[in-house]
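The values are calculated or read from the model by the stated rules, or taken from the named source; none is laboratory data. All values reported here derive from a predicted model rather than from experimental measurement. Backbone-built Cβ (ideal geometry, glycine too); neighbour counts: all protein chains shown. Keep in mind that these areas ignore ligands, DNA and RNA; they rest on the heavy atoms of the full protein, side chains included. Shrake-Rupley method; radii C 1.70, N 1.55, O 1.52, S 1.80 Å.
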4 protein chains.
Amino acid sequence: MSTQLTPEHFAALAQQAVEVPSWAYGNSGTRFKVFGTPGTPRNPFEKIADAAQVHRYTGLAPAVAIHIPWDRVDDYAALRAHAEDLGVTLGTVNSNAFQDDDYKFGSLTHADDAIRQKAIDHHLECIDIMDATGSRDLKIWLADGTNYPGQADMRARQDRLHDSLQRIYDRLTGEQRLVLEYKFFEPAFYHTDVPDWGTSYAQVSALGERALVCLDTGHHAPGTNIEFIVMQLLRLGKLGSFDFNSRFYADDDLIVGAADPFQLFRILVEVVRGGALNNPDVSFMLDQCHNIEDKIPGQIRSVLNVQEMTARALLLDRAALEAAQAAHDVLGANAVYMDAFYTDVRPALAEWRESRGLPADPMSAYAASGYQQRIAAERVGGAQASWGA
Amino acid sequence: MSTQLTPEHFAALAQQAVEVPSWAYGNSGTRFKVFGTPGTPRNPFEKIADAAQVHRYTGLAPAVAIHIPWDRVDDYAALRAHAEDLGVTLGTVNSNAFQDDDYKFGSLTHADDAIRQKAIDHHLECIDIMDATGSRDLKIWLADGTNYPGQADMRARQDRLHDSLQRIYDRLTGEQRLVLEYKFFEPAFYHTDVPDWGTSYAQVSALGERALVCLDTGHHAPGTNIEFIVMQLLRLGKLGSFDFNSRFYADDDLIVGAADPFQLFRILVEVVRGGALNNPDVSFMLDQCHNIEDKIPGQIRSVLNVQEMTARALLLDRAALEAAQAAHDVLGANAVYMDAFYTDVRPALAEWRESRGLPADPMSAYAASGYQQRIAAERVGGAQASWGA
Amino acid sequence: MSTQLTPEHFAALAQQAVEVPSWAYGNSGTRFKVFGTPGTPRNPFEKIADAAQVHRYTGLAPAVAIHIPWDRVDDYAALRAHAEDLGVTLGTVNSNAFQDDDYKFGSLTHADDAIRQKAIDHHLECIDIMDATGSRDLKIWLADGTNYPGQADMRARQDRLHDSLQRIYDRLTGEQRLVLEYKFFEPAFYHTDVPDWGTSYAQVSALGERALVCLDTGHHAPGTNIEFIVMQLLRLGKLGSFDFNSRFYADDDLIVGAADPFQLFRILVEVVRGGALNNPDVSFMLDQCHNIEDKIPGQIRSVLNVQEMTARALLLDRAALEAAQAAHDVLGANAVYMDAFYTDVRPALAEWRESRGLPADPMSAYAASGYQQRIAAERVGGAQASWGA
Amino acid sequence: MSTQLTPEHFAALAQQAVEVPSWAYGNSGTRFKVFGTPGTPRNPFEKIADAAQVHRYTGLAPAVAIHIPWDRVDDYAALRAHAEDLGVTLGTVNSNAFQDDDYKFGSLTHADDAIRQKAIDHHLECIDIMDATGSRDLKIWLADGTNYPGQADMRARQDRLHDSLQRIYDRLTGEQRLVLEYKFFEPAFYHTDVPDWGTSYAQVSALGERALVCLDTGHHAPGTNIEFIVMQLLRLGKLGSFDFNSRFYADDDLIVGAADPFQLFRILVEVVRGGALNNPDVSFMLDQCHNIEDKIPGQIRSVLNVQEMTARALLLDRAALEAAQAAHDVLGANAVYMDAFYTDVRPALAEWRESRGLPADPMSAYAASGYQQRIAAERVGGAQASWGA
């Protein structure tokens, strides 16, 4: 019953790239506690060095997303050269308009024009950085929202959001793009200004062609059929990027595929179905927190999870599926679908990795490398990077 | 602290109308059991007679939505005359493409062109009926979806949905409109073809100006901020109508305001804020099931709940709210907001009703009327109306 | 990395039994529509004949649960003999106190003593039937609850529930047991009298040793960690039985493992961990609805899903897991855990089935048998069995 | 229709006390940002001074819960005297076993006996402090849990939890009690060791009579009927205390009554129904975070919300309710219930406050007092208290 990966599948897998977030290598936690770990980077250069390890052992992570101001440096050309020396590039630039005291009541939606302008200016600075780093995408996730009914006028905020985004969008040049991420809730608890794909879609549609939606797999209401949204945004031509992670409850930011591997499979099936695999218009990124597990192997595990599940999605026998669907054979169609999911692609992928000069088992190769021990020994003193850094 | 209803408020309330659904007067239930009640209507004429009672005691429900085929009659002119004799009109026409065996695997999205055409034709018939009844709105709620991953190609269904809707939309004439309702889940359990406002918005936007979204307050994922969607759809000019009801868990279809009165308040605040109160472009309707309670008083209670909560929404002191919002006085703004909610508008509304020749307490006036006893005695024999009818 | 099924594993799998529900072979649906299918049984004898097919092709389903009154017959000895002739036995007896008009406002919790006595008597009748069929377990799922706050006194209902259950429990003899199922919501929408495991646990603990909890995998709030409850109930010695199925949203009653296969794996890992596999004190049952798919193959698929996932749970390398856990190696422990899940046990199970005289692929063997066509041809006329029957 | 507060009601309200948490006066936030505010306390003495303001203006908050180590001082007798000088007492002692690096993988459930002993010892220290402060209750909320399936053995942790709790419980003397709080999720994302009331109930039942459950209103799965749990725990004699707050999504820790005032009403109706109002065995406490609003008025608003909603619960006409319930008059019973909720008790409470020498409007009295400006001016320098302090 079970099928095998073909050369065409491997060709598709060989092109796959998953951007890793610089902040995943720093400490993170919950409102209750941020636990530190030996070896945690103290600056953007060390973060990129760690990120490069992920690419080294997997061949899957050629780009590193950065976050401003967490990754602010004096010389972005030097940061870019540092990355390139390590075999990776700088990817998406992520803005941050939620950690300044001025943003307590909003940023791009703020009622006070001076604060709103400050938030817009921050995004313009991010575009300047994109110019320096050669990054294509500006990713905007807003913490904007309110905690209590009546606290603010949601509609006026939506209109100001449009105005702010338009002014940022107008600053983009060449191939640059703006991707707007939506999130169900947190840190705001009553209303969030960009809470769902519909809002993100409506806002980016009002901007222009180079404005797109970013879908974070952890940012939906309980029970949401995420692959449906993937399908719909691809159909509408507005899916710009993925932030992969997984969740049991809220925005848990766990390792992609850890909480519900079958959901990840279904998402990747729609990615393939919708022509988004190896499509430069749709970026694959991670956005995760390794609160208690080791960060570099946590990232290695994550990109491997995406790769393995993509392989399963590729295995899906579309001809058999379509035949069963056409016959309204519910059980037959589901069986074809599940067959791809249940097939163990790991041995074939291990062999293929070796054939490409990569370790068959990137996790143990990294563990055996001694890198973790080395950074733990060397990175003594200084402040470990974290969200607050 | 608390405020009072003014003549302007009463003028607004006097114009308010809530359309009632003919099917609420028939029996309904769950998949486990449909309980019958003495006096339940046996045909559309009796349903409209019951609906007219709601208007008689409240002055709030001048129109009755009908559902085809449940309300199919030989002579719609006669049904219309019957309604008008009783002081009400026929309102929105609701289609039904979920109770024919052919629709087991879809209707407007069906892969088989013959079945899809049948579903389209059903909607064209509904428009014919609208021509006869003088109804403005065709409301489409689709049960279409699948139960198992892989069962169908979601994207192809979405494309077929567009094609079907376009062919229906093109048949509309004059002031007629199409409103497309979305629903999170049920009766399909894996995917639903119109599951969220974003999908409904994308689909109706592709049709034209007279295609709009219908927001049923019970059709969202747990925790969804519904008033945000109300705000957004009004901002986008695409909110066509409300289906009011309330819920604790899924699409419970309980009496509007029963499960979360504060949520109803917040929704109506956005209705007022967004200019949708007494705006002919936005219809207010009920869509409820009175599984265990008496149906006519259940409907009276419902329209009163909408009226009372609208009165509270009108009481909101917008100047004070805006001042507190501008000062970022979170507690102050919330206090202004809650003050309107906690004000007891019932005595003032009772007085005002009497001044208009309506009973102060419509519930007890109806109970005292003997109507319920009369229909229980008279409606003997025949098959009670229900969803299956 | 991946492991193999051993003779010990196969020995455990050989003992595994999953009771199938007679009602799964009849029609079911939602409140919107019940679709019929050719060949659907018209009476309990035909249901059992269909159930026996599941056992015939899988060797996994030696017992059939019955439901009173849906499976009421004049002569239970004849029904038992019929089952035994077909190679199966009659299993759990399920009561039904939700389809009589008297139960509109409750059954074992009803405020009216006469109606409550009627519900108690129904359960005593079920125990009489157990005496005749040789069934061990009386399973009680109650639809009791309310739709509106204030409708009833929840506490008094809880006290009456205790009294009713005590009177039923006292009637049990010998090895007979009472298992009390809990359910989050539906058909009641405001409160349910046995909504969670805590309530079921408190109620059965007050009865005695032979009263236990039934855990239906679809009866929890969104996001509930079900395997935790399995662990806890096993730890407390109070898990009597499982009702397996799967769900995306509410109590969807889909095929077990279909919605979240990884959750099923986690549950079965706790089953093995807690000593519940092949433990006569813990029954495995299905409780599903095949609304749109064929019923017999739907059941075959279901018991196979349980078997396959049990095989994966058995594969879990507990020594390696414990070592990683002891080292607080989060990623290492999770890797051991996921390795078992991702291993493809299907080829080994197919071989093993053949070695036992069963078809390697029960689904295609059943399809090839012609049984479905035969019953479709033969079962003409009469009323198809359904929940209403 | 609406009813009035009677002298008996006021007598009950006069006895009502709501304990306030010292940590609510310090800064709090989300994982994204903790915003500071001028005037925030720098030490436990200042926190208690702020808490005393709440009692001063409301007469409702005579006790202040403390949290160890956040409120660790050298001399608890001095802290107690300070509190008493300000007219309040020290209340519940809250332990903290989640902010030490040792607790990364658990505390009372930890697999390592040395760390587990450390956590036990921390609780014994808390009991020592209770001896010094005269506090009755030790409240235990555990952050213990795991983020990834397989990370730990849930059952062994449960057994160790029992052992740890037993050793803490055995140290209690006299009237001292242990209350165990449960929480659905956060900060652990896969499993939480005390996730639901059933687990807390099973654990405290195994300890003895002076071990009870603490119900935090924000710690449940979406859609949970919390008043049912209140009813059940009161029925079982195991409800020790409430942590009041409100939520839209997760454990938002918003002002009690802010998110769903009707839910608070329903809870308080069950409190009254179950004899828990003014019952010394059941403590009322707040547990909230004022992330963006002013803290002292946030607390004043909160205790007033509890008071106002208690007044509405007292207004419930139980005779009328019981009559409607007995007649199975669903709409009638709900109308009696809603009548109490919709009655505006605020004017009568304002009058009553004045009659007792309290301000009619505690919020504006506090605002007018100048206290907030005074502390903002005086509390300059030092580290503002927060969860990390």
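Among the residues in the stretch A:85-93, are any at pLDDT 95 or above, farther than 30 Å from residue B:267 by Cα and in a helix (DSSP H, G or I)? Checked against the condition, which is being at pLDDT 95 or above, farther than 30 Å from residue B:267 by Cα and in a helix (DSSP H, G or I), the stretch A:85-93 yields at least one hit. Within the stretch C:17-32, which residues are outside any loop (DSSP other than H, G, I, E, B) and of a type in the set (Gly, Ala, Ser)? Within the stretch C:17-32, C:22, C:24, C:29 qualify.
Just one of (1) at the interface with chain D (Cβ under 9 Å from one of its Cβ atoms); (2) open to solvent by 20 Å² or more (accessible area, probe 1.4 Å); (3) among the aliphatic types (A, V, I, L, M) fails for residue C:206. It is (1). For the stretch D:277-336, a residue qualifies if it is among the polar types (S, T, N, Q) and either more than 8 Å from every other protein chain (Cβ to nearest Cβ) or assigned to a helix (DSSP H, G or I) (or both), and the qualifying residues are D:278, D:279, D:283, D:288, D:299, D:302, D:305, D:307, D:310, D:325, D:334. I'm trying to understand the selection: among the residues of the stretch D:19-32, which are of a type in the set (Val, Ile, Thr) and surrounded by fewer than 24 Cβ atoms within 10 Å (Cβ to Cβ)? Of everything in the stretch D:19-32, just one residue is of a type in the set (Val, Ile, Thr) and surrounded by fewer than 24 Cβ atoms within 10 Å (Cβ to Cβ), namely D:30. For residue B:302, the conditions (1) of a type in the set (Ser, Thr, Tyr); (2) closer than 24 Å to residue A:198 by Cα; (3) surrounded by 24 or more Cβ atoms within 10 Å (Cβ to Cβ) all hold with the exception of (2). Checked against the criterion of being open to solvent by 20 Å² or more (accessible area, probe 1.4 Å), polar (S, T, N, Q) and under 26 Å from residue C:190 (Cβ atoms), the stretch B:265-282 contains not a single residue that satisfies it. Based on what the data block shows, is residue D:181 open to solvent by 20 Å² or more (accessible area, probe 1.4 Å) and among the acidic types (Asp, Glu)? Answer is no for this residue.
Regarding the stretch B:87-106, can at least one residue be identified that is in contact with a Ser or Thr (Cβ under 6 Å, 6 or more places away or on another chain) and surrounded by fewer than 23 Cβ atoms within 10 Å (Cβ to Cβ)? No, the conditions are met nowhere in the stretch B:87-106.
Checked against the criterion of being within 26 Å of residue B:354 (Cβ to Cβ) and surrounded by fewer than 24 Cβ atoms within 10 Å (Cβ to Cβ), the candidates B:63, B:77, B:51, B:81 yield just one match: B:63.
Looking across the stretch A:132-145, the residues that are away from chain B (no Cβ under 14 Å), in contact with a Ser or Thr (Cβ under 8 Å, 6 or more places away or on another chain) and not hydrophobic (A, V, I, L, M, F, W, C) come down to A:134, A:135, A:136, A:137, A:139. For the stretch D:242-256, the criterion of a residue being of a type in the set (Val, Ile, Thr) and within 21 Å of residue C:223 (Cβ to Cβ) is satisfied by no position. Listed conditions (1) at pLDDT 95 or above; (2) more than 14 Å from chain A (Cβ to nearest Cβ); (3) crowded, with 16+ Cβ neighbours inside 10 Å are all met by residue B:347, apart from (3). Answer yes or no as to whether residue C:233 is open to solvent by less than 10 Å² (accessible area, probe 1.4 Å) and either of a type in the set (A, V, I, L, M) or under 18 Å from the mean Cα position of the chain (by Cα) (or both). For residue C:233, the condition - open to solvent by less than 10 Å² (accessible area, probe 1.4 Å) and either of a type in the set (A, V, I, L, M) or under 18 Å from the mean Cα position of the chain (by Cα) (or both) - is met.
Every condition in (1) in contact with a Leu (Cβ under 9 Å, 6 or more places away or on another chain); (2) away from chain A (no Cβ under 12 Å); (3) open to solvent by 10 Å² or more (accessible area, probe 1.4 Å) holds for residue B:218 except the one numbered (3).
Here residue A:200 clears all of (1) open to solvent by 10 Å² or more (accessible area, probe 1.4 Å); (2) of a type in the set (Gly, Ala, Ser); (3) within 12 Å of chain B (Cβ to nearest Cβ) except the condition numbered (1).
Listed here are the residues, each with its yes/no results for (1) among the charged types (D, E, K, R); (2) more than 14 Å from chain D (Cβ to nearest Cβ); (3) open to solvent by 30 Å² or more (accessible area, probe 1.4 Å); (4) out of contact with any strand residue (DSSP E or B) (no Cβ under 8 Å at 6 or more places or on another chain).
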| residue | (1), (2), (3), (4) |
| --- | --- |
| C:117 | no, yes, yes, yes |
| C:130 | no, yes, no, no |
| C:147 | no, no, no, no |
| C:153 | yes, no, yes, yes |
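Entry remark, the stretch A:33-48: residues being assigned to a loop (DSSP other than H, G, I, E, B) and open to solvent by less than 20 Å² (accessible area, probe 1.4 Å) number 3 in total. Among the criteria (1) within 14 Å of residue B:50 (Cα to Cα); (2) surrounded by fewer than 17 Cβ atoms within 10 Å (Cβ to Cβ), the one residue B:365 does not fulfil is (1). Here residue C:247 fits the description: free of Cβ contacts under 8 Å to residues at least 60 places away in the same chain, in contact with an Asp or Glu (Cβ under 9 Å, 6 or more places away or on another chain), basic (Lys, Arg) and under 22 Å from residue C:25 (Cβ atoms). Quick one: in the stretch B:306-336, of everything that is in contact with a helix residue (DSSP H, G or I) (Cβ under 7 Å, 6 or more places away or on another chain) and not hydrophobic (A, V, I, L, M, F, W, C), which residue is farthest from residue C:101 (Cα to Cα)? Among those that are in contact with a helix residue (DSSP H, G or I) (Cβ under 7 Å, 6 or more places away or on another chain) and not hydrophobic (A, V, I, L, M, F, W, C), it is B:328.
For the stretch D:156-176, the tally of residues that are under 15 Å from residue D:191 (Cα atoms) and surrounded by 17 or more Cβ atoms within 10 Å (Cβ to Cβ) stands at 3.
The residues on offer are C:87, C:91, and the sole one that is within 21 Å of residue C:241 (Cβ to Cβ) and more than 14 Å from chain D (Cβ to nearest Cβ) is C:91. Checking the structure you have, find out if any residue of the stretch A:222-243 is in contact with a strand residue (DSSP E or B) (Cβ under 7 Å, 6 or more places away or on another chain), under 20 Å from residue A:21 (Cα atoms) and within 14 Å of chain B (Cβ to nearest Cβ). The answer is yes, given that some residue of the stretch A:222-243 is in contact with a strand residue (DSSP E or B) (Cβ under 7 Å, 6 or more places away or on another chain), under 20 Å from residue A:21 (Cα atoms) and within 14 Å of chain B (Cβ to nearest Cβ). Just one of the listed residues (D:101, D:71) is touching a strand residue (DSSP E or B) at 6+ places or on another chain (Cβ under 9 Å), modelled with pLDDT of 95 or more and either of a type in the set (Gly, Ala, Ser) or under 30 Å from residue A:292 (Cα atoms) (or both), and it is D:71.
Assess whether residue D:328 counts as being under 15 Å from the mean Cα position of the chain (by Cα) and over 21 Å from residue D:230 (Cα atoms). No: the conditions fail for residue D:328. Whether a residue is open to solvent by 30 Å² or more (accessible area, probe 1.4 Å) and under 25 Å from residue B:246 (Cβ atoms) was assessed, and residue C:186 passes this test.
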